[in-house]
1. Would you rank Y198, Y61 by solvent-accessible area, highest first, keeping every protein chain in place and using a 1.4 Å probe?
2. Take the Cα atoms of the range 107-148, build their convex hull, and give its volume per residue in Å³.
3. State the percentage of accessible surface on the range 105-262 attributable to carbon and sulfur atoms; use a 1.4 Å probe and exclude ligands, DNA and RNA.
4. Taking the solvent-accessible surface of protein heavy atoms with a 1.4 Å probe, what is the per residue accessible area of the range 35-80 in Å²?
5. What Kirkwood hydrodynamic radius, in Å, does the range 104-182 give when the mean of 1/r is taken over all pairs of distinct Cα atoms and then inverted?
6. Using the Cα atoms of the range 226-273 to build a convex hull, what is its mean projected area in square nanometres?
Amino acid sequence: FGSSLLYSSCSMGHFGPDFDEGDPILGVKRLTPESLAKLLQSDRRLYYKTPELNEKLFIHYGGYRKLEHLAQFPRLRCLYAECNALEDMTGLEELVELRSLFLQQNCIKQIGGLGPVIKLVTLNLSENFITAIHGLAHLPNLETLILAKNRIGVNGLEDVIELAMTAVQCLDLQSNKVSCVELHEEVLLKMRNLKVLYLKGNEVCKNLKNYRKKVINDLPELSYLDDRPVFVEDRRYAMAFMRGGIEAEREERRVVKKEKDEEQARNMRYFRQMTAEAREMGREKRAMLAEDRYDALTDPTKWGDANRARKKQHDDDMRELEEERRNAPKILVGGKAQIQSEAKFAPPPRTEIKEARQEAKDRVDHLLLDAHNKIERKKASGVCLAVANESACDGPSHGCPANELDEMD
């Protein structure tokens, strides 16, 4: 791994003032203050020019063999140093605010150098050459530990026994050399905060009888195991199996299926009841609206502060419409020639013409109704005598002046 990384570094021409010419390994670079300053100036959107202000640092794929000159980053919280040639974890003593440390794909053989870094939460050391887990018991905030694809477990239980003294919640040990079945009782059962566990790729998964069911049954807080989550039904099946074997598990599966069917039927009943109540409420609402003298727009109880602007806009629109209706007959009668001349260039909408005609018709009907009422009043008061036969009447009747008859006509 190291030779291929260094070869790629050499082939790409990554030589500069930080290249260590005295190092026997060709292509290894040193992490110097000059290279760090150049890194901070390379991306102004990612870094501050002042090292003390930075909380993230990316030195991955650099070919560095040692972590150096990091004391100038006292506020550093995340360090990304994967894909280098690091052989140890020294150089982190001054990073007391560090929360996340990513050192995967290096050449680290032993865990160490984390004494002052007590605030560490995430540690990724996958794809290295680590053989034992040591130096993590003093980290009270460590929640995620990734140690996949190492050589842990070659020496048996002593390589992993320290995990029982940690507060790790997510543990990734897949593709290692762990084979002792004592791992379950001596380590996993003592990790009370463990919620996510990856153990596939180890011999212990084959050596531990009924591995998945046993781990799920014995770890009540576990929510994810290897390649899939741990559901509530999975835990019930595992507990039933450990209690009475395969027959108990089958019986538990039948019980779970029956519970699901009953739940689905109950949900369907609730849904039908809800739809029936909604229809009944709709019918009652429509019946109430039919008896109410107000509609949705004129109801005074619905115009609160939130709808005041909407109500004002509605009133303004109604006033404009009423004004157009009042002016439409005058324009139609008095300005007919003008409307016809303007219609050649900007014809009015058909709705306005229809409204104007209807308004004029209504006014004519109103005048006829007034005339008819006058005639009826005069007949009732005895001012005008009724004409019995229109063909026998050659002139005005007695007692009815001619000007009054003209007015009635």
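The values are calculated or read from the model by the stated rules, or taken from the named source; none is laboratory data. What you see is a predicted model, and the numbers here were worked out from it, not measured in a lab. Heads up: the accessible areas ignore ligands, DNA and RNA and are worked out on the full protein's heavy atoms, side chains in. Shrake-Rupley method; radii C 1.70, N 1.55, O 1.52, S 1.80 Å.
1. Working: Y198 55, Y61 145 Å².
So, going from the largest accessible area down, we get Y61, Y198.
2. Details: hull volume 2.7 nm³, N = 42.
Convex hull volume per residue, Cα atoms: 63 Å³.
3. Working: 3940 of 7880 Å².
Taking all protein chains in place, the range 105-262 shows 50 percent carbon and sulfur surface.
4. Details: 2770 Å² over 46 residues.
Ligands and nucleic acids excluded, the figure is 60 Å² per residue.
5. On the way: mean 1/r = 0.0796 Å⁻¹.
Here the Kirkwood hydrodynamic radius works out to 12.6 Å.
6. Working: hull surface 16.8 nm².
Across all orientations, the range 226-273 yields a mean hull projection of 4.2 nm².
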